[in-house]
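First the structure, in the form of structure tokens, and then the observations on it.
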Amino acid sequence: MRIGIDLGGTKIEGIALDEQGKQLWRERVATPRGDYSATLEAIATLVQRAEATLTLSGTVGVGIPGVLSPQTGRVKNANSLCLNGQQLDQDLAAILSRPVRIANDANCFAVSEAIDGAGAGKGLVFGVILGTGCGGGLAVDGKALTGGNGLSGEWGHNPLPWMSADEFPGPECFCGRSGCIETFVSGTGFSRQYQALTSQQLSGSEIISRVRQQEPAACEVFERYLGQLSRALAHVVNILDPDVIVLGGGLSNIDELYPSLNARLSKQVLGGECATPIRKNQHGCSSGVRGAAWLWGR
């Protein structure tokens with residue numbers, strides 16, 4: 001079997017899949033905040049519990065909110081700060097007595113959807129996570145593409161393309177720059193834009209509820225958001241020309257996104273045409289952890 005671990009800031013989720021991708025076991029535990037040793041122990045305990053429950057041994061893949069540097073072999077860019085600078089794969093391998101594969105959580109999402117989700121059968125899948133932040137990941141023939149610097153898919157930390165005068169220079173981003181795509185198209189960015197217009201702080205789902213009620217301010221902000229997201233995705237098509245773009249995260253549940261984004265993309269892409277579909281994920285909140293399990297392939 002294949003065991004996948006999704007290491008998040010608040011929870012660690014484990015899953016076990018059989019050879020066909022059927023879920024055999026699944027469990028969540030709280031993430032030890034700021035404690036690297038306790039995090040290793042929690043991951044190891046989940047793996048051991050899966051194997052004891054199923055009386056099987058398995059390969060282990062881990063999705064993390066950061067990347068392993070190809071230069072140093074250590075974690076970088078993780079928002080769970082205790083992971084940064086650690087040799088996570090080697091430390092886990094020593095505890096579990098087997099090799100462990102690690103990938104960025106957005107790459108795991110892309111792998112999951114490429115193997116048996118919304119991108120199944122497609123060669124190049126670009127996965128987008130639209131949540132509190134904004135992430136991107138790439139799967140080529142069902143395998144995660146990390147790149148020479150471990151940064152493949154880090155789409156959210158490029159500047160929003162073709163900014164209007166009222167968008168420029170853009171909000172400050174936690175990465176230290178201004179105007180990153182993430183600051184506009186994440187759930188946080190969506191809510192920020194509504195608050196800037198109305199002085200009301202609402203969640204993305206609350207704003208969409210008002211869109212459906214035809215509130216003018218909500219409709220204006222959503223229209224602006226659609227333009228920003230379509231411009232940002234057009235850059236992906238111009239550079240990578242993926243076979244499919246799959247959306248995940250909380251904002252991916254907004255059904256109104258898909259017809260509008262697919263229609264707008266053709267107008268934004270070079271040449272004025274685009275056959276790349278934008279699809280909703282098929283595995284929901286399980287996609288990242290499933291992709292971690294699939295890091296060991298079929």
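The values are calculated or read from the model by the stated rules, or taken from the named source; none is laboratory data. As the structure is a computational prediction, the values presented were derived from the model and not from experiment. Backbone-built Cβ (ideal geometry, glycine too); neighbour counts: all protein chains shown. Heads up: the accessible areas ignore ligands, DNA and RNA and are worked out on the full protein's heavy atoms, side chains in. Shrake-Rupley method; radii C 1.70, N 1.55, O 1.52, S 1.80 Å.
Ranked by the mean number of other Cβ atoms within 10 Å of their residues, highest first, the peptides 144-154, 288-298 come out as 288-298, 144-154. On the beta carbon distance between Thr53 and Ser209, with R0 = 45 Å, the FRET formula returns roughly 0.65. Residue-wise HN-Hα couplings along region 3-10, as the Karplus relation 6.51 cos²θ - 1.76 cosθ + 1.60 with θ = phi - 60° gives them from phi, are 9, x, 10, 10, 8, x, x, 10 Hz; Gly and Pro carry x. Contact order, relative form, for region 121-242: 20 percent (alpha carbon pairs under 8 Å, 6 or more residues apart, mean separation divided by residue count).
When +1 charges are put on Lys and Arg Cβ atoms and -1 charges on Asp and Glu Cβ atoms, the dipole computed for the chain relative to its Cα centre reaches about 280 debye. Phi angles of region 22-36 translate, via the Karplus equation with coefficients 6.51, -1.76, 1.60 and θ = phi - 60°, into HN-Hα couplings of 6, 6, 9, 6, 7, 7, 10, 9, 6, 7, x, 6, x, 10, 5 Hz per residue; Gly and Pro are given as x. Rounded, prolate or oblate: which one fits region 233-298, using the alpha carbon gyration tensor with axes a ≥ b ≥ c (rounded when a/c is under 1.5, else prolate when a/b beats b/c, else oblate)? It comes out oblate by the Cα gyration axes. Take the alpha carbon gyration tensor of the chain, find the square roots of its eigenvalues, order them as a ≥ b ≥ c, and report rounded if a/c is under 1.5; if not, report prolate when a/b exceeds b/c, else oblate. Cα axes put the chain in the prolate bin.
Based on DSSP H segments of at least four residues, each scored -39500 (n - 2.57), the chain has a per-residue ellipticity at 222 nm of -11500 deg cm²/dmol.
The convex hull drawn around the Cα atoms of region 169-298, when projected onto a plane and averaged over every direction, covers 9.7 nm². If you count Lys pairs in the chain whose Cα atoms are under 27 Å apart, skipping same-chain pairs closer than 8 places in sequence, the total is 13. Note on region 162-229: with charges restricted to the Cβ of Lys and Arg (+1) and Asp and Glu (-1), its dipole about the Cα centre is near 100 debye. Overall form of region 73-184: oblate. Here a/c, set by the Cα gyration tensor axes a ≥ b ≥ c, is 1.5 or more, and a/b is not larger than b/c. Of Asp166, Asp91, Asp6, the residue with the largest accessible area leads and the full order is Asp166, Asp91, Asp6 (1.4 Å probe). Determine which residues of region 67-84 fall in the zone a paramagnetic label at Gln195 would reach in this model, i.e. backbone nitrogen under 15 Å from the point 7 Å along Cα→Cβ. Hits in region 67-84 for Gln195 at 15 Å: none.
Electrostatic bookkeeping for Lys280 treats Lys and Arg as +1 and Asp and Glu as -1; over the other residues with beta carbon under 14 Å from its beta carbon, the sum is -2.
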